[in-house]
Each structure stands twice: as C-alpha cells, then as structure tokens.
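Chemist: Below is the structure I would like to discuss, written out as structure tokens.
The values are calculated or read from the model by the stated rules, or taken from the named source; none is laboratory data. It should be emphasised that the depicted structure is a prediction, and the values quoted were computed from it without experimental measurement. So basically every Cβ, Gly included, is an ideal-geometry build from the backbone, and we count neighbours across all protein chains shown.
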Amino acid sequence: MKAHTKETQATMTPEKSLQYLKEGNLRFQNNLKANRNLLEQVNDTREGQFPFATILSCIDSRVSAELVFDQGLGDIFSARIAGNFVNEDILGSMEFACKLAGTKLIVVLGHTSCGAVKGACDNAELGNLTSMLAKIKPAVEAVTEPKDENLRNSSNIEFVNNVAEKNVQLTIDRILNESEVLADMHKNGEIMIVGAMYNIEDGAVTFFE
C-alpha cells in the first residue's frame, strides 16, 4: 500500500476517511495488516505529507492510533495526551491539520480502563498531574450515576468507562465551541468530527455516529 499523495488525499471525503479507519480497525482485530513497505513510504513522503485524518487519543501505550487503525506513514496526524482532552495547543494543531494540511476527519478516541480517567475519578494529586486531571473532572461530574460516592471511583470500571465516553463527547463539544475554524469547516461539511472508544480487551473501536 502506497503513502497518500496530494491526488489521493483530494479524493477523500469525510465519510470515506471514516470508512478507511473502520476497515483498518477490522484488519487490526483480525491480525490482517495491509501490505506496506514502510521504508518505501519514508521515501514517498520525503517531499510532503497528505494525511486524510486527525486522531486525538490518549498516551496509553496500548492505544497507538497508527496500529489500531492499521495506517502507515503519512496517513494520519496523531495528537496524544493523557485523557485525550483538548487545549489551545491541540486545537491549533487540529486547525493546521484540517485547514492547511487537508485532513477530512477528526476522531476523538477514548479507551476503556483509562488511567487518566481513573485518576480524575479518584481525585488523584501529583505535581502537574493535578491540573491535568482537572481537565477531565467535568466528565466525572457529568456522569450522574451511581450517586453513591463509594461507587464513583476507579474500582467501579463501569463508572470509569462511562466517564471516559462522556469525556470524548465533552471534548468534541469543546472543539466546536473553542475553534471557530473547525466549527465552520464542520458546519460546511468539509470535515467530520466523531468520537470513538477503543476496547483494550479485544482491540475493537466503536464509533459514536
């Protein structure tokens, strides 16, 4: 499989880009990786890059976007931060990726058993981690069940996963509310912004559509 070129990127629509990721995840789940010569792709992309998607995911070592979606060099922009939330810098990166570099799709990818979400649920405090986890607290507060405080912590994995899913949804809301550039592109159908959850137990990605 060749690296994307300006011509192939131009043929990608938001819907087609999403389908590419779905197909890639199915290959990943079935251990059927696309045939790529990565060194050839290094050579193919030395003059420029033409990715079709931008993926915001967690730094979790089990959730590499390139691997779980079976993508090669030059296929996707990958932004990673614990808890897959956005800030001004990440929003700027996304604006570059979509408005200037031509990607057609933004995916906010959360995952099950997320350590950052667990930390937010447990009110963990440690150096700069304290202020980072505060960015995820709105998702914790937005999940209203269970009401019993003894069940609203990392020992309740169902609660943790519900918070992780809510965090994805709130992150998409922030993208649309805090980036006029991306909101306009989304409104005009130039890009699609979708949420998804990766299951660390079976490698499956579920998209919210």
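Chemist: Quick one: what pairs do we get from segment 64-92, first residue within 22 Å of K6 (Cβ to Cβ) and touching a residue at least 24 places away in the same chain (Cβ under 8 Å), second among the basic types (K, R) and surrounded by fewer than 19 Cβ atoms within 10 Å (Cβ to Cβ), C-beta under 7 Å, 6+ apart or different chains?
Modeler: Close Cβ pairs (under 7 Å, with a partner that is among the basic types (K, R) and surrounded by fewer than 19 Cβ atoms within 10 Å (Cβ to Cβ)) amount to G72/R36.
Chemist: Follow-up question, since we're still on this one. From the residues in segment 160-209 that are part of a loop (DSSP other than H, G, I, E, B) and among the β-branched types (V, I, T), which one is farthest from N87 (Cα to Cα)?
Modeler: Here the answer is I200.
Quick grid of which residues meet (1) out of contact with any Lys or Arg (no Cβ under 7 Å at 6 or more places or on another chain); (2) at pLDDT 95 or above:
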| position | (1), (2) |
| --- | --- |
| Q49 | yes, no |
| T54 | yes, yes |
| F69 | yes, yes |
| G74 | yes, no |
| S78 | yes, yes |
| V86 | no, yes |
| L91 | yes, yes |
| F96 | yes, yes |
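Chemist: Any residue in segment 117-146 that's under 20 Å from I172 (Cβ atoms): show its pairings with residues that are in a loop (DSSP other than H, G, I, E, B) and modelled with pLDDT of 95 or more at Cβ separation under 7 Å, as long as the two are six or more apart or on different chains.
Modeler: V117/G83; V117/I136; A120/I136; M132/A82; K135/G83; K135/F85; I136/G83; I136/F85
Conditions tested, residue by residue: (1) polar (S, T, N, Q); (2) buried (at least 19 other Cβ atoms within 10 Å of the Cβ); (3) under 16 Å from the mean Cα position of the chain (by Cα).
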residue: V160; (1), (2), (3): no, yes, no
residue: A164; (1), (2), (3): no, yes, yes
residue: V168; (1), (2), (3): no, yes, yes
residue: I172; (1), (2), (3): no, yes, yes
residue: E178; (1), (2), (3): no, no, no
residue: L182; (1), (2), (3): no, yes, yes
residue: H186; (1), (2), (3): no, yes, no
residue: E190; (1), (2), (3): no, no, no
residue: I193; (1), (2), (3): no, yes, yes
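Chemist: Which of the residues spanning segment 102-118 are at pLDDT 95 or above, under 30 Å from G48 (Cα atoms) and not polar (S, T, N, Q)?
Modeler: Answer for segment 102-118, where residues must be at pLDDT 95 or above, under 30 Å from G48 (Cα atoms) and not polar (S, T, N, Q): K104, L105, I106, V107, V108, L109, G110.
Chemist: Right, another one. E88: under 24 Å from A139 (Cβ atoms) and charged (D, E, K, R), yes or no?
Modeler: yes
Chemist: Identify, from the list N87, N30, N43, N35, the residue that is polar (S, T, N, Q), surrounded by fewer than 21 Cβ atoms within 10 Å (Cβ to Cβ) and under 14 Å from G203 (Cα atoms).
Modeler: N30
Chemist: So how many residues does segment 47-81 have that are part of a loop (DSSP other than H, G, I, E, B), of a type in the set (G, A, S) and crowded, with 19+ Cβ neighbours inside 10 Å?
Modeler: Qualifying residue count, segment 47-81: 2.
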